[in-house]
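*Asks:* To start, I am sharing the structure in question, which I have written as structure tokens.
Bear in mind that the values in this text are calculations on the coordinates, not laboratory data. Being a predicted model, the structure only gives us computed values, none of them experimental. As a convention, Cβ positions derive from the backbone with ideal geometry for all residues, glycine included, and neighbour counts pool all protein chains shown.
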Amino acid sequence: MAKKVVASLKDKDAKGYAKVIKAVKSKNGGYSFREEMVPLDMAKEALKS
């Protein structure tokens, strides 16, 4: 399924995208990682929140 997502994001008319990976701390003290695909112009905003 990931190959289909990457293929659709590399369309000629598509904007540039960035994969944002955040470490999120859970209630019990462990960390998990959350991944998002965001447009390049919103990548810095996604990292702030």
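*Asks:* What length, rounded to one decimal in nm, is gained on full extension from Lys22 through to Ala43, with 0.36 nm per residue of separation minus their alpha-carbon distance?
*Replies:* Roughly 6.4 nm would be gained on extension.
*Asks:* Then there is this: Using amide H atoms built in the peptide plane, which far-off residues or other-chain residues are under 5 Å from Ala18 H to H?
*Replies:* Those lying under 5 Å, H to H, from Ala18 are Val38, Leu40.
*Asks:* Using θ = phi - 60° and the Karplus form 6.51 cos²θ - 1.76 cosθ + 1.60, what ³J(HN,Hα) does each residue of segment 37-44 get, whole Hz, x for Gly and Pro?
*Replies:* Running phi through 6.51 cos²θ - 1.76 cosθ + 1.60 with θ = phi - 60° gives 9, 10, x, 4, 5, 10, 5, 5 Hz.
*Asks:* How much net charge surrounds Tyr31 when only other residues with a Cβ under 11 Å from its Cβ are counted (Lys, Arg +1; Asp, Glu -1)?
*Replies:* Summing Lys and Arg as +1 and Asp and Glu as -1 gives +3.
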